[in-house]
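No value in this document is a laboratory result; all are computed from the given coordinates. What you are looking at is a predicted structure, and each value in this text was computed from that prediction instead of being measured. Virtual Cβ from ideal backbone geometry, glycine too; neighbours counted across all protein chains shown.
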Amino acid sequence: DTAVSQTPKYLVTQMGNDKSIKCEQNLGHDTMYWYKQDSKKFLKIMFSYNNKELIINETVPNRFSPKSPDKAHLNLHINSLELGDSAVYFCASSLSGFQFFGPGTRLTVL
Amino acid sequence: SQKIEQNSEALNIQEGKTATLTCNYTNYSPAYLQWYRQDPGRGPVFLLLIRENEKEKRKERLKVTFDTTLKQSLFHITASQPADSATYLCALDLLKTGANNLFFGTGTRLTVIP
């Protein structure tokens with residue numbers, strides 16, 4: 001069984017479009033995260049949700065909006081996509097201490 | 001400014017030798033330091049966590065040390081194997097309210113040569 005899953009795995013879209021990435025975890029964890037990994041492989045935290053409440057927003061443009069319908073899901077919606085948004089986006093979850101990461105969504109903005 | 005630097009972008013070693021990876025940080029006060037492995041096209045996988053009051057942690061062929069005075073962690077893989085080839089990431093955990101707030105280093109790509 002997949003612990004942290006993301007859909008889609010690949011997303012190719014035009015500049016200016018709006019898109020969403022979905023994440024689900026079946027580990028029963030309280031906290032979920034979104035990370036962005038750029039072309040240089042640098043992994044940076046974007047958001048964290050604990051029991052459906054946003055607790056971290058690390059200077060991410062407000063075009064990015066996380067939504068958590070329940071403790072097991074954390075979706076990422078991106079408005080007005082820009083070329084610089086091209087990256088791999090990882091979802092993760094944790095109970096205490098270390099994190100479990102999803103397989104990533106490669107977003108390409110043309 | 002805050003920085004997390006891993007000693008080299010790439011490291012090649014012979015099979016059977018010990019690989020030593022370095023993580024240095026400035027202007028952080030982490031509660032924990034973690035190491036992850038990332039294979040191409042996959043998400044990071046947790047390996048080891050060491051707390052600020054611990055000096056050393058071991059797990060099978062892996063060993064991590066943490067020196068909060070030097071602001072440095074060393075990650076060792078003994079008796080290295082080609083299957084250990086991957087990118088290794090260190091991450092500082094600042095343990096902010098209700099979350100494990102991880103800040104990652106730039107990674108070291110390890111290649112173990114048979």
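If you average the sequence gap of Cα pairs under 8 Å that are 6 or more apart and divide by the length of chain B, what percent do you get for the contact order?
35
What does the structure give for A:91-100 when I average, per residue, the other chain Cβ atoms found within 10 Å of the residue Cβ?
5
Between B:Thr111 and B:Asn27, what is 0.36 nm times their sequence separation minus the Cα-Cα distance? Round to one decimal in nm.
Between B:Thr111 and B:Asn27, full extension yields 27.2 nm more.
Quick check for me: using +1 on Lys/Arg Cβ and -1 on Asp/Glu Cβ, what's the dipole size of segment A:4-109 about its Cα centre, in debye to the nearest 20?
Roughly 240 debye, rounded to the nearest 20.
What is the log10 of I(q)/I(0) for chain A, computed with the Debye formula using one identical point scatterer on each Cα and no solvent, at q = 0.19 Å⁻¹?
Normalising to I(0) and taking log10 leaves -0.92.
In chain A, once you exclude exposed trypsin sites (Lys or Arg not before Pro) (DSSP loop, at most 14 other Cβ within 10 angstrom), what's the longest stretch remaining?
It runs A:64-110.
Between A:Ser5 and A:Thr59, what FRET efficiency follows from the Cβ-Cβ distance if R0 is 22 Å, with the result rounded to 0.05?
0.20
If you wrap a convex hull around the Cα atoms of the protein assembly as shown, how much volume per residue is inside, in Å³?
Taking the convex hull of the Cα positions in the protein assembly as shown, it is 127 Å³ per residue.
Can you pick out the pairs among A:Lys40/B:Lys3; A:Lys9/A:Lys36; A:Lys9/A:Lys41; B:Lys17/B:Lys55; A:Lys44/B:Lys3 whose Cα atoms lie more than 20 Å from each other?
Beyond 20 Å: B:Lys17/B:Lys55.
For the pair A:Val12 and A:Lys44, what calculated FRET efficiency results from E = 1/(1 + (r/R0)^6), where r is the Cβ-Cβ distance and R0 = 25 Å, to the nearest 0.05?
Computed FRET efficiency for A:Lys44 and A:Val12 comes out at 0.65.
Give the shape of segment B:3-105 as rounded, prolate or oblate, defined through the alpha-carbon gyration tensor: a ≥ b ≥ c are the square roots of its eigenvalues, a/c under 1.5 means rounded, and otherwise the shape is prolate if a/b is larger than b/c and oblate if not.
Because a/c hits 1.5 or more and a/b exceeds b/c, segment B:3-105 counts as prolate.
Evaluate the relative contact order of chain A (contact order divided by residue number), counting alpha-carbon pairs under 8 angstrom at least 6 apart; express in whole percent.
Once divided by the residue count of chain A, the mean separation gives 37 percent.
With both bridge residues required to lie in the protein assembly as shown, what share of the DSSP beta bridges run antiparallel, to the nearest 5%?
Beta bridges within the protein assembly as shown, antiparallel portion: roughly 90 percent.
Give the range of the longest stretch in chain B that excludes all trypsin sites (Lys or Arg not before Pro) found in loop regions by DSSP and having at most 12 other beta-carbon atoms within 10 Å.
Here the longest run is B:1-54.
Applying 1/(1 + (r/R0)^6) with R0 = 30 Å to the Cβ-Cβ distance of B:Arg42 and B:Thr69, what FRET efficiency is obtained, to the nearest 0.05?
Plugging the Cβ-Cβ distance into 1/(1 + (r/R0)^6) gives 0.30.
In nm, what is the difference between 0.36 nm times the number of residues separating B:Leu94 and B:Lys17 and their Cα-Cα distance?
24.4 nm
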